[in-house]
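The values are calculated or read from the model by the stated rules, or taken from the named source; none is laboratory data. This is a predicted model, so every value here is computed, not measured. Cβ placement follows ideal geometry from the backbone for every residue including glycine, while neighbour counts extend to all protein chains displayed.
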Amino acid sequence: MTAAQAPMLLTGNHAVAWAARLARPQVVPVYPITPQTPILELLTDFHAEGNFDAEILTPESEHSVLAACIPASLAGARVFTATASQGLLLMHELLHYAAGARAPIVMANVNRTVASPWAFWPDQTDSLAQRDTGWIQFYTESAQESLDTVLHGFRIAEQVLLPVMVNHDAFYVSHALEPVQVPAQKVVDGYLPPYKPVNRLDTEIGSSWGNVVSAEMFCRHRQALEQGMAQALIAAQEADREWGALTGRSHGIVERYRCDGARVVIVTMGSMCGTAREAVDAMRDAGEAVGLLKVRLFRPLPVQALRVALEGVPDVVVLDRNHSPGLGGILHQELRGALYGVKTPPRVHGILAGVGGINVSPDAISQLVHTALTTPPQPESEWAR
């Protein structure tokens, strides 16, 4: 482990910009959108100061941003971008294309409500609606975790040749200040060597991309993409372990907090994990056996890790800051699917909490847990009351 440097006071967005700078990308297409814009602003400041040697492109839309990312990545450049909400939705077509092209782009997404109605509050529906596009997805709780995870993302993406999306909540993380350990450039350079793919669009190699394929070839390609996701599960754990050895910070793909002997475990993602920790501490102080399971890696879904973490737990309460109309909470349903076939599965209670950015306090979480345990679990998610 290297000697720790003095922490910097950074917002989550500025922590992401620092991570991008340290990763030494060569091409950075970006388009401003609230609440992602501070990432773009700080990167352009770094560039103007001569501290960021990347080609920054500002196309006319987020769709064009990703359209610029894909060929740059296929040509062998390390590529970073950032977006939020409607910008991510505008990219939808090309999110599929990037994953199918096996382009290891890293994108930071600031989770924000999607229209309509128009709003700017934290909500994870924007990225969770992209869960089937083939992007690896992380959900981070803090500015420090966002910085670390962007760097992990490049390691993972370039190893398994799949794009990575690092998501953090609008305002709760994106604009909140906290002390952040920014690693030295030499530490990152040792962790993240230059990207030099063997296969790339190069006139000397004479390769091409984009030909029409047969149905059989397409099916094989999707199978290969699935194999890449399986490899990503292992790569994510290795990247986290190696970063922990270098910096002393390890986040895991899931995190168990005070789960030993727990009668009920809260499961959630993103910034709500910090609030849930406070609720867990208060309930533990009151003699209630409650724990927290934080899901950090959502795609590929770490099914076996979730099963092991919840083994023997009688009740699980899933808190979803998202809404899939006609389904309910996405994490709730994904967890139910992951636990299907377990010999003695827990009772899984799904609660839509914090949708649209509504504040969910530690006391509110405690009450939600108490209420859930007085009623039998339902297949559909319940709205927090």
Residue within the stretch 183-193 that is part of a helix (DSSP H, G or I), of a type in the set (S, T, N, Q), at pLDDT 95 or above and outside the structural domain of SER271 (by TED's automatic domain parsing) present: yes
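Counting only residues that are outside any helix (DSSP H, G or I), more than 20 Å from the chain's Cα centre (by Cα) and without any contact (Cβ under 8 Å) to a residue 40 or more places away in the chain, how many does the stretch 48-93 have? I'd like the intermediate steps shown before the answer.
Looking only at the stretch 48-93, we keep the residues that are outside any helix (DSSP H, G or I), and these are 50-61, 75-84, 91.
Now narrow it down to the ones that are more than 20 Å from the chain's Cα centre (by Cα): 50-61, 75-77.
Among the residues that remain, those that are also without any contact (Cβ under 8 Å) to a residue 40 or more places away in the chain are: 50-61.
Residues meeting the conditions: 12.
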Qualifying positions in the stretch 266-290 - touching a residue at least 60 places away in the same chain (Cβ under 8 Å) and farther than 24 Å from VAL303 by Cα: THR275, GLU278, ALA279, ALA282, MET283
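Here is a yes/no grid of residues against (1) buried (at least 21 other Cβ atoms within 10 Å of the Cβ); (2) touching a helix residue (DSSP H, G or I) at 6+ places or on another chain (Cβ under 7 Å); (3) at pLDDT below 95; (4) on the phi > 0 side of the Ramachandran plot:
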{"position": "ALA239", "(1), (2), (3), (4)": "yes, yes, no, no"}
{"position": "ALA245", "(1), (2), (3), (4)": "no, no, no, no"}
{"position": "VAL254", "(1), (2), (3), (4)": "no, yes, no, no"}
{"position": "VAL264", "(1), (2), (3), (4)": "yes, yes, no, no"}
{"position": "MET272", "(1), (2), (3), (4)": "yes, no, no, no"}
{"position": "ARG277", "(1), (2), (3), (4)": "no, no, no, no"}
Filter result for VAL198 (touching a Ser or Thr at 6+ places or on another chain (Cβ under 9 Å), part of a loop (DSSP other than H, G, I, E, B) and of a type in the set (Val, Ile, Thr)): no
Number of the condition not met by GLY328 [criteria: (1) at positive phi; (2) touching a Lys or Arg at 6+ places or on another chain (Cβ under 8 Å); (3) not aromatic (Phe, Trp, Tyr)]: (2)
Single condition VAL360 does not satisfy, out of (1) surrounded by 14 or more Cβ atoms within 10 Å (Cβ to Cβ); (2) outside any loop (DSSP other than H, G, I, E, B): (2)
Where a residue in the stretch 243-265 is in contact (Cβ under 8 Å) with a residue 60 or more places away in the chain and its partner, wherever it lies, is hydroxyl-bearing (Ser, Thr, Tyr) and in a helix (DSSP H, G or I), with Cβ under 7 Å and at least six apart: TRP243/TYR191; LEU246/TYR191
Which numbered condition ALA157 fails, given (1) crowded, with 22+ Cβ neighbours inside 10 Å; (2) more than 30 Å from CYS273 (Cβ to Cβ): (2)
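Here's the yes/no breakdown for (1) farther than 19 Å from TYR139 by Cα; (2) touching a helix residue (DSSP H, G or I) at 6+ places or on another chain (Cβ under 9 Å); (3) buried (at least 24 other Cβ atoms within 10 Å of the Cβ):
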| site | (1), (2), (3) |
| --- | --- |
| THR11 | no, yes, no |
| ALA20 | no, yes, yes |
| VAL28 | yes, yes, yes |
| THR34 | no, yes, no |
| ALA54 | yes, yes, no |
| PHE80 | no, yes, yes |
| ALA98 | yes, yes, yes |
| ALA101 | yes, yes, no |
Residue check for VAL348: part of a loop (DSSP other than H, G, I, E, B), surrounded by 14 or more Cβ atoms within 10 Å (Cβ to Cβ) and modelled with pLDDT of 95 or more: no
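Output the residue which, of all residues in the stretch 298-317 that are assigned to a helix (DSSP H, G or I) and out of contact with any helix residue (DSSP H, G or I) (no Cβ under 6 Å at 6 or more places or on another chain), is farthest from SER366 (Cα to Cα).
Start the filter on the stretch 298-317 by keeping residues that are assigned to a helix (DSSP H, G or I), which leaves 303-309.
Next cut, out of contact with any helix residue (DSSP H, G or I) (no Cβ under 6 Å at 6 or more places or on another chain) only: 304-305, 307-309.
Values: GLN304: 28, ALA305: 25, ARG307: 24, VAL308: 24, ALA309: 21 Å.
Going through the qualifying residues, I end up with GLN304.
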